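Asker: Quick one: the structure is below, and I'll ask about it shortly.
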Amino acid sequence: MFLNIKKKFNSQKMLFVSIFWGSMAGVLSQGLNFITNIFLARFLGIEYGTLILYSSTNSMLQGFSQVGLNIFATIIVSKNLHNNKDRLGKIIPNLYYIVITLAIIISSIFLLINFFQLGRLKLWETNSPTFLFFIILWFITSTLDILQVSILLGIGAFKDIAKVSLIKGLFTIINVLFFAKLYGIQGVLIAYAFSFSISLFFNFIFLRKNCKNHQLIIINKVNYSLIKYILKSSFPIFLATLVLIPSQWAINYIIYNKENGKLALTIFGIANQWMILIQFFPLQISKVILPLLSKQKQNRIEFRSTEKIGLIISILISLFLISVSVFFEANVIKMYHLNFSTAKWPYRIMLLAALFSSVNLFLGQSILANGQVWLRTLVDVFISLSLFITFIIILNNSIMLATPIAYCVSFIIGSCLIVFLRKK
């Protein structure tokens, strides 16, 4: 029996080592970010809801600029790393060209929307050139940094990602403490801009090192045929983003502009923070497994074995963290200086949503690795529609519960749908 266990472990040794370093990166990144957000929620009070809206806006702009490359980059890098290094040397710089160009275009468009309040939209409650500069710097650096992390994941540089996560996390805490006390919520966004600039710099250094180690010769030349291929291949992933992220932003924007909206968004943001905390192990496992599954695509036995191990680990970790979070719910809510009776049900509902979200995250990555990109897109479209429709229905009855219930229902529908479609 011992020999069988040892043999099984050795056959999946790369998987477990990758999961360890991938999880370490997540622990460092999310753990330090978690500590920072506890301070921010306590310090900002209901203005934390404003920060949630700004963060949601930043995520939406990222989605438009990355056009699905935050996921597709990992897949295409892992597939070409050993089989076609010459091609990969051309692919990497063109990934940068696409994202940089789109980030500049998107930031320009949304600055105009904010300035002229087109469609009565006010994305940021300021027209201060200095503040808007830091908002755009935060957006561009975070967008490029996500691309770099995706490329590093494809290379398998999990240890380097963990190192940068530690550096960024510590720098963010110091930055946020300093700038938040000086300038309030605007100081927080200034701190984010500096932190992602640091992360972008170090990830770039490690990316160069890994390219050198793998003998990748980077050809810094615009290749229009390659750009066309990349955009065409990533389009299904982008289509899902195009539907899902604007829906999430719209929900936050609608809540924010309602009476007691800042408080509702603050409570949701804190509950969502715990959902993200529960998600992060399954998320890191799925990020680690994506390049591995991409390589095992032709070997169905290895593919299913790796997928099964990852899914079981993800569910068990999620259940454990949810149980602990429920047991200590009074302490958690008190830690944020929130009223327990007001915050307890949004908190509990988001914990339930976390379980189904973890399943959806993992199986979604597995589908992408299997080349079923349009299937993942279809699931995300249904998640988006169910999210927005449920939100509108519940909003008339409860502003506090509308967003948590909408997320929970959408993730349940998404998980059931993804399991059903995979069997077809």
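The values are calculated or read from the model by the stated rules, or taken from the named source; none is laboratory data. Computed from a predicted model, the values in this text were never measured in an experiment. All Cβ positions, glycine included, derive from the backbone under ideal geometry; neighbour counts span all protein chains shown. Heavy atoms of the whole protein, side chains included, go into the accessibility calculation; ligands, DNA and RNA do not. Shrake-Rupley method; radii C 1.70, N 1.55, O 1.52, S 1.80 Å.
Asker: Express in nm, to one decimal, how much length is gained between Gln117 and Lys159 on full extension, taking 0.36 nm for each residue of separation and deducting their alpha carbon distance.
Answerer: 10.7 nm
Asker: How much length would be gained if the chain were fully extended between Ile393 and Phe133, taking 0.36 nm per residue of separation minus their Cα-Cα distance, in nm to one decimal?
Answerer: 89.8 nm
Asker: Also, quick follow-up: Binned at 5 Å from 0, what are the whole-percent values of the Cα-Cα distance distribution for segment 341-424, short to long?
Answerer: Pair shares across the bins are 3, 16, 23, 21, 15, 10, 6, 3, 1, 0.
Asker: Hey, if you put +1 on the Cβ of every Lys and Arg and -1 on every Asp and Glu Cβ in segment 312-424, which of Ile367, Ile413, Tyr347 ends up farthest toward the positive end of that dipole?
Answerer: Positive-end residue among those listed: Ile367.
Asker: Treat each spin label as a single point 7 Å out from the Cα along the C-beta direction, and report the Tyr183 to Lys85 distance in nm.
Answerer: Result: 4.5 nm between the two label points.
Asker: Please work out how much accessible surface Met400 shows to a 1.4 Å probe, ignoring ligands, DNA and RNA, in Å² rounded to 10.
Answerer: 40
Asker: Right, something else. Lys/Arg Cβ at +1, Asp/Glu Cβ at -1, dipole of segment 123-214 taken about the Cα centre: which of Phe171, Asn210, Ile151 is farthest positive-ward?
Answerer: Ranked along the dipole, the leading option is Asn210.
Asker: Now a separate question. Note down the nm distance, to one decimal, between modelled labels 7 Å out along Cα→Cβ at Thr101 and at Ile205.
Answerer: 3.1
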